[in-house]
Amino acid sequence: MTTQPAISTTGLRKSYGDQVVLDGIDLHVPRGTVFSLLGANGAGKTTMVKILSTLIGADGGSARVAGHDLAADPDRVRAAIGVTGQFSAVDNLLTGRENLALMADLNHLGRAAGRARVAELLEWFDLVEPGRRTAATYSGGMRRRLDLAMTLVGSPQVIFLDEPTTGLDPRSRRGMWQIVRDLVAGGTTVFLTTQYLEEADELAHRIAVLDHGRIVAEGTADELKRRIPGGHVLLRFADPRDLAAAARAVGQSSGAGDGGALSLRVPHDGSLASLRALLDRLDRDRVPVDSLSVRTPDLDDVFLALTGDPDTAKAATR
C-alpha cells in the first residue's frame, strides 16, 4: 500500500496581472520529511507557501495537503497544518506563556489540555523562565522559538517554515535546525523555504529549485550537486617527476601550480568509485602523491548555475 504524500501539487499556477509567479508547479512531498524550496528573492517561494496554507488561492492546477484537497476542503487543510512565516506572529504585550495559552484557546484544547501543552512547549523550547516575561523583551532567537512553539500548539501534521532563521545568529540558527530535526523524527512533515543554502543542505531530504516560476531542478542535495560540473581531485606532489608521471597515468598533459606547490587537477564526479579508480591508477603506476583533496560543487554552485539566467539554467539541467 502506497502512503499518501503530505503535499502534492499538479500544474499549480499563480499570476499577479501580467507577472507569472508560479507556472505549472508539480511537487510530491513524502510524509515525515523535510522538503526545501530554494529560490532567489521574488522567485515565488512565499507565494507557494501562501497557496498551500490556504492564505491565497491558485489560478490553476490542483493540490492536496495532509490528504485534503486544497480547493474543496480548505478547513480540513487548515486544521492539519501550522505556518511560521517570515515575520513573527508573537504578541509583544503578552508573556511567552500567555502567547502559547492564547493559541491553545484558539485550538480549542480545553483548560487542562491547554495548560499541559503550554508547559510541554515551554520546556521543549527552553522558554520556561523567559515565558514569564513579555515577548517585547525577547532576543531574535527567542522570538523565533516562541513563534514556532505557537505553531505547534495544535500538533500539526504539516508545518510550513518560510525562511524561519532569517536574521538569527549562527548559534540560534543551529538551535532551530535541531528543533526541525526533532519534529521530523516525530513524524511531522516540514516544508521549508530558505535562502541559507547550508540550511537546506543540513536539513532537507529533498530540495527543489524555483526560478522564473518553474521548478528547474529537484532531488537530494547530493543529486543536485552532481548535476553541476566543476568537481575535481587536487593532487599535490613533492617532485616534478612525480607530477609528470601522474599526468601520464590519468591522461592529462601537464600539471598546474597551486600556491607554489606542484599539483594536478583531475575531473571528479564526487563518487567514491571514481576516487577509488583514480587512486588505483596512480598506485598501479607507483606514483607517489604528497597529498590530495576532493572538491565537489556545493549548493551555492547549484543555486548560481540554476537561477537567474534561463539559458544557463537550461544548460545545467540537461
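The values are calculated or read from the model by the stated rules, or taken from the named source; none is laboratory data. All values derive from a computational prediction rather than experimental measurement. Note that we place each Cβ from the backbone using ideal geometry, even for glycine, and neighbour counts take in every protein chain shown.
What do you reckon, is Leu100 farther than 26 Å from Val216 by Cβ, surrounded by fewer than 20 Cβ atoms within 10 Å (Cβ to Cβ) and not assigned by TED's automatic domain parsing to the domain that holds Leu224? So Leu100 does not fit the description; no. Kindly establish whether Gly141 is assigned to a strand (DSSP E or B), closer than 18 Å to Arg181 by Cα, touching a Ser or Thr at 6+ places or on another chain (Cβ under 6 Å) and not aliphatic (A, V, I, L, M). No; evaluated as a whole, the condition is false for this residue. The test for being in a helix (DSSP H, G or I), surrounded by fewer than 20 Cβ atoms within 10 Å (Cβ to Cβ) and modelled with pLDDT under 85 does not hold for Ser254. Only a single item in (1) assigned to a helix (DSSP H, G or I); (2) surrounded by fewer than 17 Cβ atoms within 10 Å (Cβ to Cβ); (3) of a type in the set (A, V, I, L, M) is not met by Val128, and it is number (1).
Within segment 11-39, being in a strand (DSSP E or B) and closer than 13 Å to Val65 by Cβ holds for Leu12, Leu27, His28, Val29, Phe35. Scanning segment 137-151 for residues that are within 20 Å of Val184 (Cβ to Cβ) and either modelled with pLDDT under 85 or in contact with a Gly (Cβ under 7 Å, 6 or more places away or on another chain) (or both) yields a count of 1. Of all residue pairs spaced 6 or more apart or on separate chains, none has beta-carbon atoms under 7 Å together with a first member in segment 195-220 that is within 16 Å of Val180 (Cβ to Cβ) and a second member that is part of a loop (DSSP other than H, G, I, E, B) and among the small types (Gly, Ala, Ser).
Taking segment 128-185 as the range and being over 30 Å from Ala66 (Cα atoms), of a type outside the set (A, V, I, L, M) and touching a residue at least 40 places away in the same chain (Cβ under 8 Å) as the test, the residues that pass are Thr134, Tyr138. Among the residues of segment 101-115, those that are part of a helix (DSSP H, G or I) and either aromatic (Phe, Trp, Tyr) or under 13 Å from Gly82 (Cβ atoms) (or both) comprise Met103, Leu106. Among (1) within 18 Å of His205 (Cβ to Cβ); (2) over 21 Å from the mean Cα position of the chain (by Cα), which single condition is Ile7 missing? Of (1) within 18 Å of His205 (Cβ to Cβ); (2) over 21 Å from the mean Cα position of the chain (by Cα), only one is false for Ile7: (2). Given the criteria touching a residue at least 24 places away in the same chain (Cβ under 8 Å) and either over 28 Å from Leu299 (Cα atoms) or surrounded by 15 or more Cβ atoms within 10 Å (Cβ to Cβ) (or both), does Arg76 qualify? For Arg76, the condition - touching a residue at least 24 places away in the same chain (Cβ under 8 Å) and either over 28 Å from Leu299 (Cα atoms) or surrounded by 15 or more Cβ atoms within 10 Å (Cβ to Cβ) (or both) - is not met.
Criterion applied to Gly82, Gly44, Gly110, Gly39 was being modelled with pLDDT under 95 and more than 21 Å from Glu163 (Cα to Cα), and the one residue passing it is Gly110.
Step by step: first the residues of segment 299-318, then only those that are buried (at least 16 other Cβ atoms within 10 Å of the Cβ) and farther than 18 Å from Arg214 by Cα, then the one that is modelled with the lowest pLDDT. Which residue is that? By that ranking, first place goes to Asp301.
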